[in-house]
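**Student:** The following block contains the structure, expressed as C-alpha cells.
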Amino acid sequence: MTSNDSEPLRWKDSYCTGVAEIDEQHRILVNTLNEANAKLTDESSLELFEQLTRDLLSYALYHFETEEEIMNDCGYMEEKQADWDHHLREHRSFSSTVVSIRDNLKLGKRVPREELLAFLNNWLVNHILHTDKRLGEFVLGKKEA
C-alpha cells in the first residue's frame with residue numbers, strides 16, 4: 001500500500017467532554033493523527049515513523065499529565081476510585097504500546113502504516129467517548145455543585 005487511503009479523523013461535537021483544556025488538547029491530538037495520516041506511507045523511512053511516534057507520544061504524555069492533574073484537583077480518585085484506576089490504566093497501556101512500537105522501529109521493525117493509524121485513531125476515539133466523557137461529567141458536576 002503506497003497511498004494514504006485512511007480517512008482523516010474528523011472532529012465531532014460528541015468528542016467534547018465539556019472541559020475546555022481537555023477538549024482543546026484532544027483537538028490537537030486529532031490534528032496530530034491527521035498529520036501522521038497525511039505524511040506516512042508504508043514506504044516512509046523508519047526515521048519518519050520514529051519522529052511521528054516520538055512527537056505523538058510526547059504530546060500524549062503531556063495531555064495525560066493534564067488530565068491526571070485535573071483528576072487530582074477535583075477529587076476524582078476519592079469519589080470515583082474505579083474510574084480513576086481505569087483511566088490511569090488506559091493512559092499507561094497506551095504509553096507502553098507506543099513505546100513498544102518505537103522500540104521496534106529502533107530495531108528496524110516497522111509496524112504497517114494502516115495498523116499504526118488504526119490503533120491510534122481507535123484508541124483515541126474510544127478513550128474520549130468512554131473514559132474522558134465520564135471524567136468530564138464528573139468535573140462539570142463539581143463545577144455546578
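The values are calculated or read from the model by the stated rules, or taken from the named source; none is laboratory data. A quick note: this is a predicted structure, and the numbers were derived from the prediction, not measured. Positions of Cβ are backbone-derived with ideal geometry, glycine not excepted, and every protein chain shown enters the neighbour counts.
**Student:** Scanning segment 24-45 for residues that are of a type in the set (Asp, Glu) and in contact (Cβ under 8 Å) with a residue 40 or more places away in the chain, which turns out surrounded by the most Cβ atoms within 10 Å (Cβ to Cβ)? Break it down stepwise before answering.
**Tutor:** Our first condition is that a residue be of a type in the set (Asp, Glu); within segment 24-45, this holds for 24, 35, 42-43.
Still in the list and also in contact (Cβ under 8 Å) with a residue 40 or more places away in the chain: 42-43.
Numbers: Asp42: 13, Glu43: 9.
This residue is Asp42.
**Student:** Then there is this: Can you run down the residue pairs with Cβ atoms below 8 Å, 6 or more apart or on separate chains, where the first is in segment 115-141 and of a type in the set (Ser, Thr, Tyr) and the partner is modelled with pLDDT of 95 or more?
**Tutor:** Correct list of pairs: Thr131/Asp83; Thr131/His86; Thr131/His87; Thr131/Glu90.
**Student:** A follow-up question, please. Do you know which residues across segment 58-89 are buried (at least 17 other Cβ atoms within 10 Å of the Cβ) and closer than 18 Å to Asp103 by Cβ?
**Tutor:** The answer is Ala60, and nothing else.
**Student:** Okay, moving on. For segment 1-115, please list each of the helices (runs of 4 or more DSSP H) lying entirely inside it that holds at least 3 residues being modelled with pLDDT under 95. First the steps, then the outcome.
**Tutor:** Details: elements: 20-39, 46-73, 76-79, 81-106.
Helices (runs of 4 or more DSSP H) meeting the threshold: 20-39, 46-73, 81-106.
**Student:** In this structure, does Leu48 turn out to be more than 25 Å from Gly141 (Cα to Cα), free of Cβ contacts under 8 Å to residues at least 12 places away in the same chain and either surrounded by 18 or more Cβ atoms within 10 Å (Cβ to Cβ) or in contact with a Leu (Cβ under 8 Å, 6 or more places away or on another chain) (or both)?
**Tutor:** Values: more than 25 Å from Gly141 (Cα to Cα): yes; free of Cβ contacts under 8 Å to residues at least 12 places away in the same chain: yes; either surrounded by 18 or more Cβ atoms within 10 Å (Cβ to Cβ) or in contact with a Leu (Cβ under 8 Å, 6 or more places away or on another chain) (or both): yes.
Spelling it out, Leu48 is indeed more than 25 Å from Gly141 (Cα to Cα), free of Cβ contacts under 8 Å to residues at least 12 places away in the same chain and either surrounded by 18 or more Cβ atoms within 10 Å (Cβ to Cβ) or in contact with a Leu (Cβ under 8 Å, 6 or more places away or on another chain) (or both).
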